[in-house]
Structures are given as C-alpha cells and as structure tokens.
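Structure record follows, encoded as structure tokens.
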Amino acid sequence: MESYEEMPKSDTIKLRNKHIGKSCQLFYRTDPLKIVRGQGQYMYDEQGTRYLDCINNVAHAVDVNSELWIVPSVSLAAYRTDPLAPEVIVQRSSLVPVGHCHPKVVEAGARQLATLSTNNRFLHDELVRCAQTLAHKMPGNLSVCYFVNSGSEANDLALRLARQYTGRHEVITLDHAYHGHVSAVMDISPYKFNQPGGDPKPDFVHVAPCPDVYRGMYRDCDYPEGTDLGELYAQEVQHILDRSPTGVAAFIAESLQSCGGQIIPPPDYFQRVYNAVRKAGGVTIADEVQVGFGRIGTHYWAFEPHGVIPDIVTVAKPMGNGHPVGAVITTPEIAESFATTGVCYFNTYGGNPVSCAIANAVMRVIDEEGLQENALRVGRYLLEKTRALKHEYEIVGDVRGTGLFVGIELVVDRARRLPATRAAKAVVERMKTVHRTLVSSDGPDENVVKLKPPMVFTFANADEFLYAFRECLTFLEQQQQASNTAAPGLLDTVVVPVRVTHPLATGGLLQPSPITCRKHDTSPLIKSS
C-alpha cells in the first residue's frame with residue numbers, strides 16, 4: 001500500500017508531546033495509533049495496517065472507487081471451528097455504499113473550495129439548499145436553521161434560543177450527559193463536571209437521573225415485570241420542575257444517551273418529560289449530534305421513535321462526514337423571539353459554502369445509497385448476534401441498541417450488576433492490538449463497549465467484530481481461571497498478547513503489552529463460574 005507517512009511515528013509523538021496540550025484526548029495513549037488514511041469502514045496506520053473502525057460515528061460516507069471488497073468466505077460459526085478460514089474476493093455489493101472519504105463528498109467539497117469559500121453574510125445557494133433539506137427531514141414546525149461548526153456550538157446556541165424565548169435561565173440535563181466542550185455546555189454536562197478536577201455544577205443547572213433501566217436509579221430487576229419505569233424516571237424531572245423557584249428555560253437531552261453508556265430510555269419517557277416541561281413553560285432540546293442522520297435505522301432522527309417533536313434540535317458530527325459543520329433547527333416562533341433581541345447572529349465559518357456543499361452531499365449519499373436502510377438491516381443482525389453472547393459469557397450483562405448504535409455492558413456480577421471496568425479496558429486494547437478492530441468503552445464506569453461504526457458497516461464487518469469480541473471474552477475467561485489461585489493484586493495488570501492468527505488478523509507474534517488498569521478497581525476481570 002502507498003505510504004502516507006510524512007515523518008516517523010516517533011517524531012510525531014515527540015512533536016505532539018512538545019506542542020499539543022496534554023489534556024487533549026488521544027486514543028490508546030500508551031501506544032497510540034498513527035492513522036494516515038481512511039477508506040470506507042477502515043482506517044490505516046503508517047505501516048499500511050488496516051483497522052476496522054467500529055467507533056467513528058463522524059464518518060457516515062466511504063470511498064467506493066475500488067470495485068472489489070474482501071469478505072470472509074465462511075460464516076461466523078465456521079470461524080469458531082476453522083481458525084484458518086480463507087477470504088474470498090467478491091464484487092462490491094450495491095448495499096455497501098458509504099464511511100471515510102466518499103468520492104461524492106470529497107468532490108463536492110473540493111469543487112466548492114475551488115469556487116467560493118467566503119462566509120454566509122452573502123447570498124449563496126448551498127446554504128439555503130442545506131437549510132431546506134434539513135427542514136424537509138424534520139417533523140412538525142421545525143423549519144428555521146442556524147449553522148455552526150460543531151455540536152458544542154450548536155448546543156450553546158440552542159441554550160441561547162431557549163433562554164431568549166422563555167425569559168428564563170435554568171436548565172434540566174440528565175446525569176452522565178455530554179453536550180460539548182465550550183463553557184456554556186460544559187455547565188450542563190455531568191459527564192465532564194463530575195470528573196475529578198471538574199468545575200462545580202452551577203446552581204442554575206438541575207440534573208435528573210439518566211433513564212437507565214439496567215444500572216440506573218430505577219432498575220428493571222427491582223420491580224415487577226410491566227412496571228412503568230418511564231413514568232418513574234419522568235417523575236424525577238417533574239420534581240425538579242416543581243421545586244424550581246424561577247421556572248426552567250429548557251430540558252436538554254440526547255435522544256439516545258451516548259457517552260452515558262449507549263442508553264435506550266424506557267417507553268414514553270420523553271413524551272411524559274416533554275409534556276411536563278412545556279406545561280411548566282419551558283422548551284425541549286433534542287441533541288442529535290451523535291445519533292442523528294439515519295444511524296438508528298428505523299428513523300432519520302433518534303427522537304422520532306419516542307413519539308415526540310422537540311422545540312429545538314441540534315445536529316453536527318456525521319453531517320459533515322469529518323468536516324466541521326453543524327446546525328440548530330427550531331420553530332419560526334422561537335426564531336422570531338431570537339430576532340427581537342436586535343443582536344445579529346453571526347458565525348464566521350458557520351454556514352460557509354464549502355461546509356454546506358459537503359453537508360448537502362452527505363445527505364444526498366445517505367438517501368441515494370440507502371445508508372439508513374443498511375443501518376437497520378446490519379444493526380438488527382449485529383444486535384441479535386451480540387445479545388446471544390449473554391448465553392455464553394457471564395461477563396456480558398446487557399446488550400442494548402438500535403441500528404448501528406449498540407452498547408455492550410460488561411459486569412463482574414450479573415446479580416448485583418457491578419461494572420467490569422478493567423475487563424472493558426482490556427477488551428478495547430486487545431481488540432486493537434490482536435484483532436485490528438477499533439472500539440471504545442464509555443459510561444459512568446467505563447464498562448460499556450460501544451459500537452457506532454460508519455453506516456457503510458456490512459454483515460461481514462459485523463461477523464468480523466463478533467469473532468474478535470468473542471475471542472477477547474474467551475481470553476478473559478482463561479485469564480480469570482489462571483488467576484483463581486494467584487496472589488491478590490495480580491490482576492492489577494493484564495498481560496495481553498499482541499497478535500493471534502485467525503481469518504481476520506494475521507501476522508507475526510509480537511511482544512506482550514501490559515495494560516495497567518485503575519488501581520481502585522480490585523474486582524476480578526470477570527466473575528468466576
């Protein structure tokens with residue numbers, strides 16, 4: 001494969017350590033990947049090694065210049081009995097359209113960049129086309145758009161709209177929520193301010209329990225079957241509304257909480273909350289930054305299955321397929337209220353012709369190449385097969401999701417549902433080093449393995465992930481069995497072989513790589529049978 005490396009990896013690391021702030025996030029910090037190219041659902045390092053991307057939900061669309069795809073010639077079941085099963089070359093399927101570097105998206109951006117790239121204080125067609133498309137894809141009266149560069153900016157602007165419209169300042173957010181990195185939305189992101197060293201929660205921010213029925217305040221195992229847990233969680237929001245001395249401006253929530261652990265709210269939760277907030281004079285904000293644009297398969301927007309229509313919707317990430325672009329969509333009434341301030345809204349790069357051209361191309365590709373339908377089909381298969389692992393591995397406590405938005409919660413004790421944080425970290429590392437598959441862990445205890453791959457993800461990719469994940473769980477079981485008679489403290493460090501030979505990860509055997517886990521987590525990697 002052609003090399004895309006401009007300098008040795010060691011030099012890249014030295015320059016990063018010298019010039020990039022140490023608080024800037026870097027995956028696999030002890031042994032970081034140097035990614036130099038992306039194509040479809042794959043990313044490549046400086047050595048040309050290919051990694052299956054299961055976490056980059058920014059890139060919805062793929063380079064399909066190649067007419068050939070490599071897919072396994074046998075089913076996942078065959079992998080289990082034949083570790084040397086071959087691969088075969090087949091013609092590219094029309095159902096595998098778009099991910100990293102889609103040629104139509106690249107072409108649209110390059111063409112516009114070579115034509116005009118000034119800001120949006122002049123008339124230009126790409127801006128109004130993008131707004132029209134977003135409005136047409138929204139239900140109800142959501143028809144007025146403001147363009148920004150990121151999800152953080154979108155949520156910041158959404159708060160301004162809500163506060164201007166209601167004349168109030170207080171906000172209700174959900175525990176473990178993340179809404180961005182600018183100051184205003186850090187204030188409403190418990191995922192950040194609850195961390196060691198985080199700023200204190202402002203008094204005007206009220207935190208409602210995350211509607212997690214597996215490990216939240218109201219767990220399904222603690223109540224008779226059929227109990228309306230959505231009502232119990234909604235009552236917590238109502239209590240906040242009742243106690244607010246000045247009234248709440250807005251309730252903001254991701255339609256499906258992502259950083260909080262891939263949470264699927266119970267039925268009717270959002271309907272009850274939206275009704276209560278509006279009755280109290282507030283507005284509702286749906287954060288679709290991570291879950292919008294067809295990812296859930298059944299609908300284009302993740303709030304739609306809940307049977308609600310928000311007052312304000314924020315979008316970003318996949319909207320630009322790797323390019324910085326986002327938007328806020330709201331009603332004419334709220335937009336008119338914002339205009340009465342007499343302060344013009346301006347964003348230097350928000351809504352620029354290049355960003356809008358790229359966003360327009362992304363939305364066309366999603367529609368024309370059936371990405372939402374692909375997310376539905378492949379997602380159902382992935383969810384079904386992953387849930388089956390609960391019958392094989394005690395460590396798999398819960399599997400939840402919709403479309404290509406899946407969370408696998410690892411636990412050390414199914415009865416008590418204790419988080420297997422160390423095991424999740426070990427799985428993430430082993431998936432990378434052994435299987436060349438990129439996943440991550442998240443949630444308040446970082447024990448949820450999350451999957452949000454590019455929407456081009458195929459059935460073969462699902463099998464590839466399942467094979468690798470199953471091998472990792474088996475390896476952890478073997479590690480646990482070997483340590484049952486070991487001295488206490490042995491599991492503070494997990495030794496992971498860096499390469500195995502199987503159908504989807506071949507190569508030489510490298511040196512073991514130790515993974516040092518959080519010292520306060522002294523639980524076993526998995527519960528002994």
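The values are calculated or read from the model by the stated rules, or taken from the named source; none is laboratory data. Nothing here was measured: the structure is a model prediction, and the numbers come from that model. Heads up, the Cβs are rebuilt from the backbone with ideal geometry, glycines too, and the neighbour counts pull from every protein chain shown.
Quick look at the values:
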| item | result |
| --- | --- |
| Residues (of a type in the set (S, T, N, Q) and either under 28 Å from the mean Cα position of the chain (by Cα) or not assigned by TED's automatic domain parsing to the domain that holds PHE293 (or both)) located in the range 219-255 | GLN235, SER255 |
| Neighbours by Cβ (under 6 Å, 6+ apart or cross-chain): first from the range 234-256, over 18 Å from ASP187 (Cα atoms); second surrounded by 24 or more Cβ atoms within 10 Å (Cβ to Cβ) and aromatic (Phe, Trp, Tyr) | SER255/PHE303 |
| All positions within the range 443-479 that are without any contact (Cβ under 8 Å) to a residue 24 or more places away in the chain and of a type in the set (A, V, I, L, M, F, W, C) | none |
| Selection status of TYR233, at pLDDT 95 or above, in a loop (DSSP other than H, G, I, E, B) and in contact with a Lys or Arg (Cβ under 9 Å, 6 or more places away or on another chain) | no |
| Output for the range 27-43, where each listed residue is hydrophobic (A, V, I, L, M, F, W, C) and either in contact with a Cys (Cβ under 9 Å, 6 or more places away or on another chain) or in a loop (DSSP other than H, G, I, E, B) (or both) | PHE27, LEU33 |
| In the range 324-355, residue nearest to PRO139 (Cα to Cα) [restricted to those that are within 25 Å of the chain's Cα centre (by Cα) and not aliphatic (A, V, I, L, M)] | THR330 |
| Residues of the range 226-262 classified as aliphatic (A, V, I, L, M) and within 20 Å of GLY294 (Cα to Cα), total | 2 |
| Any pair with Cβ under 6 angstrom, 6 or more apart, that starts in the range 27-50 at a residue that is assigned by TED's automatic domain parsing to the domain that holds VAL456 and ends at one that is exposed (fewer than 14 other Cβ atoms within 10 Å of the Cβ) | PRO32/LEU26; VAL36/TYR4; ARG37/TYR4; GLY48/MET1 |
| Subset of the range 422-472 [in contact with a Lys or Arg (Cβ under 9 Å, 6 or more places away or on another chain) and among the acidic types (Asp, Glu)] | ASP442, ASP445, GLU446, ASP463, GLU471 |
| Considering residues of the range 420-465 that are aliphatic (A, V, I, L, M) and within 12 Å of VAL378 (Cβ to Cβ) only, the residue surrounded by the most Cβ atoms within 10 Å (Cβ to Cβ) | MET455 |
| Residue satisfying condition, being under 15 Å from VAL289 (Cβ atoms) and either buried (at least 18 other Cβ atoms within 10 Å of the Cβ) or among the hydroxyl-bearing types (Ser, Thr, Tyr) (or both), within set MET363, MET319 | MET319 |
| Test result for THR314, farther than 18 Å from HIS102 by Cβ and over 18 Å from the mean Cα position of the chain (by Cα) | no |
| So ALA177, is it among the hydrophobic types (A, V, I, L, M, F, W, C), touching a strand residue (DSSP E or B) at 6+ places or on another chain (Cβ under 8 Å), in contact (Cβ under 8 Å) with a residue 60 or more places away in the chain and over 23 Å from GLN290 (Cα atoms) | no |
| The range 192-214, subset of a type in the set (Phe, Trp, Tyr) and under 25 Å from ARG163 (Cα atoms), residue surrounded by the fewest Cβ atoms within 10 Å (Cβ to Cβ) | PHE204 |
| Residue match in the range 307-321 (condition: outside any loop (DSSP other than H, G, I, E, B) and farther than 27 Å from ASP53 by Cα) | yes |
| Number of positions in the range 23-63 that are surrounded by fewer than 21 Cβ atoms within 10 Å (Cβ to Cβ), touching a helix residue (DSSP H, G or I) at 6+ places or on another chain (Cβ under 7 Å) and at pLDDT below 90 | 3 |
| Any hit, the range 387-394, residues being in the same structural domain as ASN461 (by TED's automatic domain parsing) and closer than 21 Å to PRO266 by Cβ | yes |
| Search result, residues across the range 164-206 that are over 19 Å from the mean Cα position of the chain (by Cα), at pLDDT below 95 and among the aromatic types (Phe, Trp, Tyr) | PHE193 |
| Test: GLY180 is of a type outside the set (Ser, Thr, Tyr) and in contact with a helix residue (DSSP H, G or I) (Cβ under 7 Å, 6 or more places away or on another chain) | yes |
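A quick yes/no check of all residues on (1) over 25 Å from PRO453 (Cβ atoms); (2) outside any helix (DSSP H, G or I); (3) in the same structural domain as LEU466 (by TED's automatic domain parsing); (4) free of Cβ contacts under 8 Å to residues at least 24 places away in the same chain:
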residue: PHE346; (1), (2), (3), (4): yes, yes, no, no
residue: TYR349; (1), (2), (3), (4): yes, yes, no, no
residue: VAL365; (1), (2), (3), (4): no, no, no, no
residue: VAL428; (1), (2), (3), (4): no, no, yes, yes
